[in-house]
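Everything below concerns the one structure shown next.
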Amino acid sequence: MIDIDDQEAIRKIDTSNMINHLIGFTQQCRDAVDLGKGFEDPWGDKGLQKIVIAGMGGSAIGGDILRSYLGNRIDLPIYVNRDYTLPGFVDKYTLLFVVSYSGNTEETLSSFEQGRKMGARIVTITSGGIIEDVALREDIPIIRIPKGLPPRASLGYLFFPLLIVLERLGLIDEQDDAISETITLLRELGDSYRIEVDISANKAKDMAVNIYGKLPIIYGVHGYTDAAALRWKGQFNENSKTFASCNILPELDHNEVVGWKALSHLTKDFFVIFLRCKDDIDRLKMRIDITKSLISGDVSDVSEIWSEGNSRLARIFSLICLGDFTSYYLAILNNIDPTPVKVIDRLKKELAQ
């Protein structure tokens, strides 16, 4: 196994410099907030009744975080659409965010076209591509984000404008305090996870070493840590190039908790991670404790990761930050450059033919 404290070895593997994106995430979030504040309401009269975020992969996760963060803080339903087609309830009373980092994601383009026909009030978030071209032609609001990043490394640009637009439309309360705390915490956590920090003081390195050679299973809680769990899974997939799975409590206690017996010869190499938050209600805390006891004998290890911070926004992003760095160090241990996603590139190429 590679020495995770060997900075030279890490940089030789990370030839595309994913670490720079991770370290620069705090500044990205600041810049993303400023981009969102440039949005001006083009509709005047509100009457909005629902919110839909259309996107795929790294461009959709911002919508999941928005839904998880706002929870009962907003009286409009939030729906994240990962498909070619929009749900039938989209209409002129729908705020539709069309989010595609490249601007060329075919599923999102399809949703964009449908949203226009259904009369939705559309805001686009993109770095260019066809979506930008159409938005310019049709005078649809655009929040332009910088080019040149892997979509999964542009989460700040893909989340914070969503939040700020809702604020500027008067749909949620002012977010300055929560955002300020989140950015401050992300800077502190990012500094503690840098490659210069040895494993003895680096939670992300330690986590990666413990997971190495095992299959990570990430469990979150609906409405609290569910979006973070999905982000962890996606980052293990794309950065670490390893299979991972995630599920959500309390639903998994009605099915998945039974599924650990028949394949015990395989599950002994599973590493289960519970993402915890002090917001969890007492019944969920009890469920997590019982679930841990039920599966602990069938897996390699069970770990709990507690969120940090005071605001819900800070706590969600504290978990995401640790997951991003952990997946990075797991890629290094796997001797794989975290940035390229050649399988996805090949799939898109074949679809285009």
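The values are calculated or read from the model by the stated rules, or taken from the named source; none is laboratory data. Just so it is clear, the structure is predicted and the values come from calculations on it, not from any experiment. Positions of Cβ are backbone-derived with ideal geometry, glycine not excepted, and every protein chain shown enters the neighbour counts.
Data for the structure
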| read-out | value |
| --- | --- |
| Residues of segment 307-353 satisfying the condition of being under 28 Å from ILE2 (Cβ atoms) and small (Gly, Ala, Ser) | SER318, GLY323, SER327, ALA331 |
| Filtered residue count, segment 44-65, keeping only those that are over 19 Å from the mean Cα position of the chain (by Cα) and either among the basic types (Lys, Arg) or assigned to a helix (DSSP H, G or I) (or both) | 2 |
| Residue in segment 175-193 that is surrounded by fewer than 24 Cβ atoms within 10 Å (Cβ to Cβ), basic (Lys, Arg) and within 22 Å of the chain's Cα centre (by Cα) present | yes |
| Number of positions in segment 66-105 that are more than 21 Å from ILE142 (Cα to Cα) and not in a loop (DSSP other than H, G, I, E, B) | 7 |
| Which listed residue, of LEU70, LEU86, LEU96, LEU66, is crowded, with 16+ Cβ neighbours inside 10 Å, free of Cβ contacts under 8 Å to residues at least 40 places away in the same chain and hydrophobic (A, V, I, L, M, F, W, C) | LEU86 |
| ILE248 vs. criteria touching a His at 6+ places or on another chain (Cβ under 9 Å), in contact (Cβ under 8 Å) with a residue 12 or more places away in the chain, buried (at least 18 other Cβ atoms within 10 Å of the Cβ) and under 30 Å from LYS342 (Cα atoms) | yes |
| Some residue of segment 133-140 being within 18 Å of ILE51 (Cα to Cα), acidic (Asp, Glu) and surrounded by fewer than 17 Cβ atoms within 10 Å (Cβ to Cβ) | no |
| Residues being part of a strand (DSSP E or B) and surrounded by fewer than 17 Cβ atoms within 10 Å (Cβ to Cβ) - total across segment 261-315 | 4 |
| The listed residue being farther than 30 Å from ASP345 by Cα and at pLDDT below 95, out of GLY71, GLY88, GLY119, GLY103 | GLY71 |
| Residue within segment 144-157 that is more than 19 Å from the chain's Cα centre (by Cα), closer than 24 Å to ALA228 by Cβ and of a type in the set (Ser, Thr, Tyr) present | no |
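Residue-wise test of (1) within 26 Å of the chain's Cα centre (by Cα); (2) modelled with pLDDT of 95 or more; (3) of a type in the set (Ser, Thr, Tyr).
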| site | (1), (2), (3) |
| --- | --- |
| GLY259 | no, no, no |
| LEU263 | no, no, no |
| ILE281 | yes, no, no |
| MET286 | no, no, no |
| LYS292 | yes, no, no |
| ASP298 | no, no, no |
| ILE305 | yes, yes, no |
